[in-house]
Each structure stands twice: as C-alpha cells, then as structure tokens.
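Note sheet for the following structure.
The values are calculated or read from the model by the stated rules, or taken from the named source; none is laboratory data. If you're wondering where the values come from, they're calculated on a predicted model, not measured in any experiment. Neighbour counts run over all protein chains shown; Cβ positions are idealised from the backbone, glycine included. Accessible surface areas use protein heavy atoms only, side chains included; no ligands, DNA or RNA. Shrake-Rupley method; radii C 1.70, N 1.55, O 1.52, S 1.80 Å.
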Amino acid sequence: MEINRGVLIVVLIVVSSAGLGLAGDIVHQDDVAPKRPGCANNFVLVKVPTWINGLEDNEYVGVGARFGPTLESKEKHANHTRLALADPPDCCNKPRNQLTGEVILVHRGNCSFTMKANVAEEAGASAILIINNQTELFKMVCESDADVDIKIPALMLPQDAGSRLEKYISNNTMVSVALYSPKRPAVDIAEVFLWLMAVGTILCASYWSAWTAREVAIEQDKLLKDASEEILEVGAGSSGFVDINTMSAVLFVVAASCFLVMLYKLMSFWFVEVLVVLFCIGGVEGLQTCLVTLLSCFRCFQRFAESFIKVPFFGAVSHLTLAVCPFCITFAVVWAVYRRISFAWIGQDILGIALIITVLQIVRVPNLKVGTVLLGCAFLYDIFWVFVSKWWFHESVMIVVARGDKSGEDGIPMLLKIPRIYDPWGGYSVIGFGDIILPGLLVAFSLRYDWLTKKTLRVGYFIWAMTAYGLGLLVTYVALNLMDGHGQPALLYIVPFILGTFITLGKKRGDLKTLWTRGEPERPCPHVQLLPLEQRE
C-alpha cells in the first residue's frame, strides 16, 4: 500500500506543478500597439459605481483606454456624474442631444475609439463609456493617424453592464456614475500569511522526514547488530519511500511540460472538474496520512495505530486509518461541493498543505546532485512556460493555466491561496504546489543530513537552506509588486538562493563531495565498532 501511495504522490507532483506566484492584474501592458505622445496610457482596470435615482446600485469594472487623461485613484475624489445615452448610439457623429458635462454611454462599432472620444468631447461630455459587443473587455488603442489630443477619460464596459445601464436610462431613470482606478497596495498582509504558510509547511515536512530517516537509521543499526544480512535486506526494502534519481528528475520536467500543455489546450469546465477530483484524491491521502501520524503520537491512539485489519485491494490497514478515512473523505467532498463560496479557500489550503507534507515525507532527494538537476530543470521549466511560451502561444501558458482561463472557475485547485485583505480589487495571493514541493525536497534533505551527521542547527545546513527558501520567496513577492501584480515564476528567484547557498556552504566546509554523491555520512558497521582495535586489523 505504501509503494502505491508513493506512486500516487509522484503523479500528483506532475499535476500540481502548474502553479506560480501570481496576483490578479490591474495594470495591463501591451507590446503590440506602440506608444506615442497622447497615446501612452497603461491599460488599467477602472471601478464604476452606479446610483439609480440617487440610491447606490451595482459597481462595474471596465478598462481604461490607451488615450485620454488618467483617472482618480480614490473614490472620494471621483465626481458623481449623470449618465446620458448617445444619439446616435455609436457616437460617430455629433450627438443630437446637447451635453453639459454628463458621462456619455455609447456603443462600439462603425468608427474608431478615438473618433468617438473626440466627438463626445466636442459635444460637452466629461467622459465616454463604450459598451463592448462581447462579455469580455477589449483594449482600446489609437489608430496611426488619429487625433489623440483627447481631454476626457475613455473607458470600455462589458456588454452586460452596458446593456443594464442603457435599459435604466431608456426607462427615464436617472443614472449617475463615478470613475476611479484604485491602486493596489505595495504589500498586502495576505502575502505575509502566504509566506508563513509556505515556509511553515516545508518546516513541518522537513522535521517529519528527518525524524523518519533517523528512525530508519536506528532500526538498520539494530539489524546490523542482531540480525542476518538477509533480514536486513528485507527490512531496508520495505521503507515505502520513493527516491528520485537524475533521470527521473529530468523526466519529471518533461512530463510536467506535457501535462501543462494538455491543461492549456483542454482547459474547460469539465477538465477543471477532473482536476478537482484528482486534487481531492491526493488531499484525502495526504490528510489521512498526517492525521494518523499525528494521532499516533498520543498514547490513547497507539493501540489502534498498531492493530491492523486486512482490506481487499489495500492490504493491511490499521484500525486508526479506518477510523480517520471517513472524516477525510467527507472533508474533501464537502470542499469540492462548496468550493465556490467565499471561505472555501480554507478547506483547499488544508487539503493542499496535507498533500504537500505527505509528498515531502514520501518522495526524497538522495543527494545534492539529484537535487541540483531537479531544481535546475524546474528553474528552466518555470522561466520557459511563464515568459518564453508567449512567443509560441501569444500568451503565458503558465499564467493562463494557473488562473483557469476559459474554464469558468477561479483558477485550478493545485494552489495555496489567501484572499487579499487590503486590496481594493480583491482577488487572491496564491502559490503553486510545485513552488513549495520542489525546493522543499532539498530543504528536507538538508535536515536529514544534519540529523544523520549529528550536526547542530548552528553548524548544519538546514537553517541556511530554510533561510534561502524564505528569502527567495520574499524576493518573488517583491518582484510581483514591482511588476504591477503580473505573474512571476517563483522558482526563478528561489532556486538560485537555495542551490547557491548549499553549494557555497558545502564547498567552504569540505562536505560538498559527500553531499553531492552519498547524501549521507558513512556509518561503520556496529560489529566493527564493538571489536577491540587490535582485532579490527
């Protein structure tokens, strides 16, 4: 059962690798339409609160144009202005109705965006809202020969929002709007909690992995003293751990790339449902493993953990596992059913953390060489699918998959997420499972090495590896904020910190050869240690 569980977790690593440090964009760059004087705005999202007959109504979100003045960033500075319909609706000719500073609502089509804005400005409008002919938003750029000396803001609204406002005005209802584009705070407390969550997950998993490795080493020493070599080989083969080798590290990235492309091409509602099922299976396995191990530490549960019953297909299963399993399944099913409610992220994070800890307990990096190959390949994988993929697919494959575009869902489930608290745009701060699992494999290896070599925290490698991961993740969030919330590959920053620290420190201390090849200290046979010195020769 343990070996099957290890294979399941390795598969789930591939599934969970499609994630990265990501925040919702509020500023959209555009590399296709060139900027020029009067047409150099970034495409910013704009909030449009509305009032119907003086009573506050819905708030809509539009996107600002490349041209025109920038909008206020605070709602209290934005003016409440009456909304008027254009006549003709497309605003390609001078409106028949005289405007006195109203915001004009027009339809897309029949002429350029800049022409509509110029006509609206000449007619006396204070701003122009253009209704898109689709539910999505469209980036309004400038034509090469357009007059871009425009003094009023221009904004595009989605079709459903514009149609609703148009219906109100057609029924002689007074509609007023305010236009403002709030800025995202430099740091949101959600990022702090997410950092603590990622670091804490690796910390817990590393100590569990090191404790298990030390127990196995102690058991092997006992077998060397008391048992035959044949019994030792049987005992060593039943550990239930999955050691990664160099070839599997390379194949992992190849498989993850293929899976990512499949996610990108097949992204839809039903495909996300499949991912939810896979995530729930992994989450149940992870939560069950963590709970059984935790409860086994208490004396009152040890008897149930050490008594087993034979279950078809699964083999010998402890009574404690059978008792915990229904709770884990129920937890995962309830999350799956209610995952769209506002606080469902809590259940997703619980299942995700349990899955990550279980993966880091079962899957292991045997030495620094394999860890370097794995993280080096993952480093290139992250950079390629976030940045380079834009050249072939005209969009970042990793970001599209992480956001769950075209799926009708708020991103794929293989992410840890926390709602942004002080961000006026809301959304979530997220990190992919792969950005925790892959570096976590090397961090857990460092603590296992320290414990087996009996190194203290001060002279060991774990505290340095843990610090390197924390700093790398911190730099990732700094980059996210500097890039206006654009998705960033976390491993771009984490991998150089961890590998650079490990290799530099190992070379300086003279342990690099042992770390690179063996990954653990040489343990002389206890039989030899018991013999007098003159008999060993």
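Descriptive notes on the structure:
- When the solvent-accessible area of the range 96-183 is split by element, carbon and sulfur atoms take up 46 percent of it, the probe being 1.4 Å.
- Full-stretch length increase - Phe343, Lys507 - with 0.36 nm per residue and alpha-carbon distance subtracted: 54.3 nm
- Less than 5 angstrom separates the built amide H of Ile131 from those of Val106, His107, Arg108, Leu157, all sequence-distant by 5 or more or on a different chain.
- Violating pairs (Cα-Cα greater than 18 angstrom) within the set Lys116/Lys139; Lys47/Lys116; Lys455/Lys508; Lys47/Lys139: Lys47/Lys116
- Formal net charge of residues neighbouring Leu295 (Cβ-Cβ distance under 13 Å; K, R +1; D, E -1): +1
- Accessible surface, per residue, of the range 27-177 when the full set of protein chains is kept, probe 1.4 Å, Å²: 51
- Neighbours of Gly283 by Cβ distance under 12 Å: Lys/Arg scored +1, Asp/Glu scored -1, total -1.
- For Ser318, the amide hydrogen comes within under 5 Å of the amide hydrogens of Ile309, counting only partners 5 or more places away or on other chains and with H modelled in the peptide plane.
- FRET efficiency for the pair Val274 and Thr453, taken as 1/(1 + (r/R0)^6) with r the Cβ-Cβ distance and R0 = 60 Å, rounds to 0.85.
- The value of relative contact order for the range 27-177, using C-alpha pairs under 8 Å at least six residues apart, is 28 percent.
- For the range 305-420, carbon and sulfur atoms together expose 72% of the accessible surface, with a 1.4 angstrom probe and every protein chain in place.
- Prolate/oblate/rounded label for the range 27-177 (Cα gyration tensor, a/c 1.5): prolate
- Pairwise FRET efficiency - Gln98 versus Thr135, Cβ, R0 = 35 Å, nearest 0.05: 0.60
- Cα-based shape type of the range 243-349, given that a ≥ b ≥ c are square roots of the gyration tensor eigenvalues and the cut on a/c is 1.5: oblate
- Coil-residue GluC sites (Glu not before Pro) of the range 81-150, DSSP, other Cβ within 10 Å capped at 11: Glu136
- Relative contact order [Cα under 8 Å, 6+ residues apart], the range 79-130, whole percent: 40
- Given R0 = 56 Å, the distance between the Cβ atoms of Asn58 and Cys297 translates into a calculated FRET efficiency of 0.60.
- Neighbourhood net charge (11 Å Cβ-Cβ; Lys/Arg +1, Asp/Glu -1) for Glu72: +3
- Asp147 versus Ile463: modelled label distance in nm, points set 7 Å from Cα along the beta carbon direction: 7.1
- Derived scalar couplings between HN and Hα for the range 436-447 equal 9, 5, 5, x, x, 4, 6, 5, 5, 4, 5, 6 Hz in order, rounded to whole Hz, by the Karplus curve 6.51 cos²θ - 1.76 cosθ + 1.60 (θ = phi - 60°), x for Gly and Pro.
- About the Cα centre, charge dipole magnitude for the range 27-177 (Lys/Arg +1, Asp/Glu -1 at Cβ), debye: 120
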